[in-house]
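**Student:** One structure is given below, represented as structure tokens, and several questions about it will come after.
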Amino acid sequence: MIKLAQVLILFLIVEFINCQKIKFCSPVTSNINPDELPKLPDEFEARVELNSINENLNSEVKILYDRNEKRADVTIRDQNNTFRQIYDFEHDQLFTLIMVI
């Protein structure tokens with residue numbers, strides 16, 4: 001069975017290869033009128049926690065966004081593994097950290 005760490009390492013390799021080809025912060029084209037979308041605050045934090053007693057699982061997703069500092073931070077914790085991405089919009093950079101215990 002493939003472990004989460006193996007999937008995350010594979011994801012990291014794919015992300016590294018893809019980042020050589022595309023810009024992370026480039027705008028996405030769509031047919032949605034941006035004026036119709038709800039406006040996000042300049043700063044926000046969201047946290048979602050999942051606890052499954054039957055499967056003895058615990059996961060957490062935490063999102064931080066700061067328009068003024070031009071960055072976002074997404075952290076996903078699943079059991080003993082942590083996957084974190086920090087987006088730097090000003091310099092068009094993406095940092096990925098994977099911590100496996």
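**Student:** Could you compute the net charge surrounding Glu49? Neighbours are other residues with a C-beta less than 11 Å from the C-beta of Glu49; K and R count +1, D and E count -1.
**Tutor:** +2
**Student:** Separate question: Once the mean 1/r over all distinct Cα pairs of the stretch 41-101 is inverted, what Kirkwood radius in angstroms do you read off?
**Tutor:** After inverting the mean inverse Cα-Cα distance, the result is 12.7 Å.
**Student:** Here is a follow-up. Between Arg47 and Leu64, what is 0.36 nm times their sequence separation minus the Cα-Cα distance? Round to one decimal in nm.
**Tutor:** Difference between extended and current length: 5.2 nm.
The numbers here are math on the coordinates, done by the rules we state, and not lab data. Computed from a predicted structure; not experimentally measured. All Cβ positions, even for glycine, are placed from backbone atoms using ideal geometry, and neighbour counts span all protein chains on display.
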